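Okay, structure first, notes after.
The values are calculated or read from the model by the stated rules, or taken from the named source; none is laboratory data. Remember, it's a predicted structure, so these values are computed and weren't measured experimentally. Here the Cβ positions follow ideal geometry from the backbone for every residue, glycine too, while neighbour counts run over all protein chains shown. Calculation scope for accessible area: heavy atoms of the full protein, side chains included, ligands and nucleic acids excluded. Shrake-Rupley method; radii C 1.70, N 1.55, O 1.52, S 1.80 Å.
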Amino acid sequence: MSNKVIYAIYNDDDILMDAVKKTKAAHHHIEEVFTPFPVHGLDKAMGLAPTRLAICAFLYGCVGISVATTMMSYIMIHDWPQDIGGKPSFSFIQNMPSFVPIMFEMTVFFAAHLMVITFYMRSRLWPFKQAENPDVRTTDDHFLMEVAVNDNEAELVSFFEGTGAVEVKVIEKN
């Protein structure tokens, strides 16, 4: 089985969106699309499933508020109770208003840091990983659509030239 793919390069995001819609309508499999900036609606046009990272953010926030509550209860009530400003230190509920900013900050801290880690792991962006960008122009002003070739190379090349691609290349991928 060959690992050939077609790189169809476009110079306008509207032309790219039309090409993606035509490609999906023609039932060709789009491997990836590389763009220099986010293109609104591209994920829906490609048929990608919505992300579930927001659920992770909520769960990480819950972990953060739990850690903050447990930490403050142990430190300020059980381990080292102090009389600060005349406030009693005998129960968590009595001191709750002064703990709210800390709980908020810990919620944001945990959600933000764990979301970054989750995003990098989900995107497979490890430290010192080599870039997978197939064409350096996609970081500047061009858009690239990578489509799998299944013994229909000539048909696909003419199809993508008809969609407005400025350049169409057939590449052997390893």
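Taking (1) out of contact with any strand residue (DSSP E or B) (no Cβ under 6 Å at 6 or more places or on another chain); (2) within 30 Å of Asn133 (Cα to Cα); (3) aliphatic (A, V, I, L, M) in turn, Ile93 satisfies each apart from (2). Going residue by residue through region 76-98, is there one that turns out to be assigned by the TED database to the domain that holds Gly164, open to solvent by 50 Å² or more (accessible area, probe 1.4 Å) and among the β-branched types (Val, Ile, Thr)? Scanning region 76-98, I find no residue that is assigned by the TED database to the domain that holds Gly164, open to solvent by 50 Å² or more (accessible area, probe 1.4 Å) and among the β-branched types (Val, Ile, Thr), so the answer is no. Within region 18-44, residues that are more than 17 Å from His142 (Cβ to Cβ) and in the same structural domain as Asn150 (by the TED database) reach partners that are part of a loop (DSSP other than H, G, I, E, B) and open to solvent by less than 100 Å² (accessible area, probe 1.4 Å) with beta carbons closer than 6 Å, at six or more positions or on different chains, in the pairs Lys22/Thr163.
Any residue that is assigned to a helix (DSSP H, G or I), in contact (Cβ under 8 Å) with a residue 12 or more places away in the chain and loosely packed, with under 15 Cβ neighbours inside 10 Å - is there at least one of those in region 122-130? Within region 122-130 (the criterion being assigned to a helix (DSSP H, G or I), in contact (Cβ under 8 Å) with a residue 12 or more places away in the chain and loosely packed, with under 15 Cβ neighbours inside 10 Å), the answer is yes, since at least one residue qualifies.
Residue count for region 45-55 under the criterion of being open to solvent by less than 90 Å² (accessible area, probe 1.4 Å), outside any loop (DSSP other than H, G, I, E, B) and within 19 Å of Arg122 (Cβ to Cβ): the result is 3. Inspect region 58-77 for any residue being among the hydrophobic types (A, V, I, L, M, F, W, C), under 18 Å from Leu144 (Cβ atoms) and within 22 Å of the chain's Cα centre (by Cα) and give the result as yes or no. Checked against the condition, which is being among the hydrophobic types (A, V, I, L, M, F, W, C), under 18 Å from Leu144 (Cβ atoms) and within 22 Å of the chain's Cα centre (by Cα), region 58-77 yields no hits at all.
Considering only region 20-44, how many residues are part of a helix (DSSP H, G or I) and within 23 Å of the chain's Cα centre (by Cα)? Adding up the residues that qualify gives 6. Within region 136-174, the set of residues being surrounded by fewer than 17 Cβ atoms within 10 Å (Cβ to Cβ), assigned to a loop (DSSP other than H, G, I, E, B) and not small (Gly, Ala, Ser) comprises Asp140, Asp141, Asn150, Asp151, Asn152, Val166, Lys173, Asn174. A Cβ distance below 9 Å, combined with a sequence gap of six or more or placement on separate chains, defines the contacts here; from region 56-79, residues that are without any contact (Cβ under 8 Å) to a residue 60 or more places away in the chain reach residues that are surrounded by fewer than 16 Cβ atoms within 10 Å (Cβ to Cβ) and of a type in the set (D, E, K, R) in the pairs Gly64/Glu105; Ala68/Glu105. Do the conditions hold for Phe104, that is, is it modelled with pLDDT of 90 or more, closer than 27 Å to Phe119 by Cα and surrounded by 11 or more Cβ atoms within 10 Å (Cβ to Cβ)? Yes. Just one of the numbered conditions (1) crowded, with 16+ Cβ neighbours inside 10 Å; (2) farther than 19 Å from Gly164 by Cβ is not true of Phe109: (1).
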